[in-house]
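Beneath this line is the structure, given in structure tokens, with notes to follow.
The values are calculated or read from the model by the stated rules, or taken from the named source; none is laboratory data. All values reported here derive from a predicted model rather than from experimental measurement. Positions of Cβ are generated from backbone atoms using ideal geometry, with glycine treated the same way; all protein chains shown enter the neighbour counts.
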């Protein structure tokens, strides 16, 4: 199954547009892992906080699900590593502008963010395929996280200004 890359923690202040069937599966997995979360199919603040709590208790040793947080905590997210730790059967992950729009500030900024994620995947800096290599694999290089983060933090405002001028 394809799974969305989800923002986690306090940045989620209201419900986001995420497939309810996936969210129910995620919420059930979080409950099995001991997190207190309703199983209602809505990805909102409670589920985002439970996902962050799970990540804090089960650190991602690959660095893949923590790469963007190095520079900006708004971009802490869940993807392959977190989903694998929860036992979800994700074959790949994708970035949705509808999900990231409220976090990035606008759907246009979210489109640019998702384009940066796709570009990083094209260059082999990150992988959008799951499952991940075994846990014993080398950690995600910090320089790559810096390149991705810089691309997003510089590219999003520049592209937004360029679009605003039109």
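If the requirement is being at pLDDT below 95, surrounded by 16 or more Cβ atoms within 10 Å (Cβ to Cβ) and more than 11 Å from the chain's Cα centre (by Cα), which of these qualifies: 55, 27, 46? After applying the criteria, what remains is 55. Residues in region 91-112 that are more than 11 Å from the chain's Cα centre (by Cα), over 15 Å from residue 14 (Cα atoms), buried (at least 16 other Cβ atoms within 10 Å of the Cβ) and touching a residue at least 24 places away in the same chain (Cβ under 8 Å): 108, 109, 112. Scan region 113-126 for residues that are in a loop (DSSP other than H, G, I, E, B) and crowded, with 18+ Cβ neighbours inside 10 Å and the total you get is 2. Residues in region 78-108 that are modelled with pLDDT of 90 or more and assigned to a helix (DSSP H, G or I): 82, 83, 84, 85, 97, 98, 99, 100, 101, 102, 108. Taking the residues in region 68-77 that are outside any strand (DSSP E or B) and touching a strand residue (DSSP E or B) at 6+ places or on another chain (Cβ under 9 Å) as candidates, determine which candidate is modelled with the highest pLDDT. Here the residue is 76.
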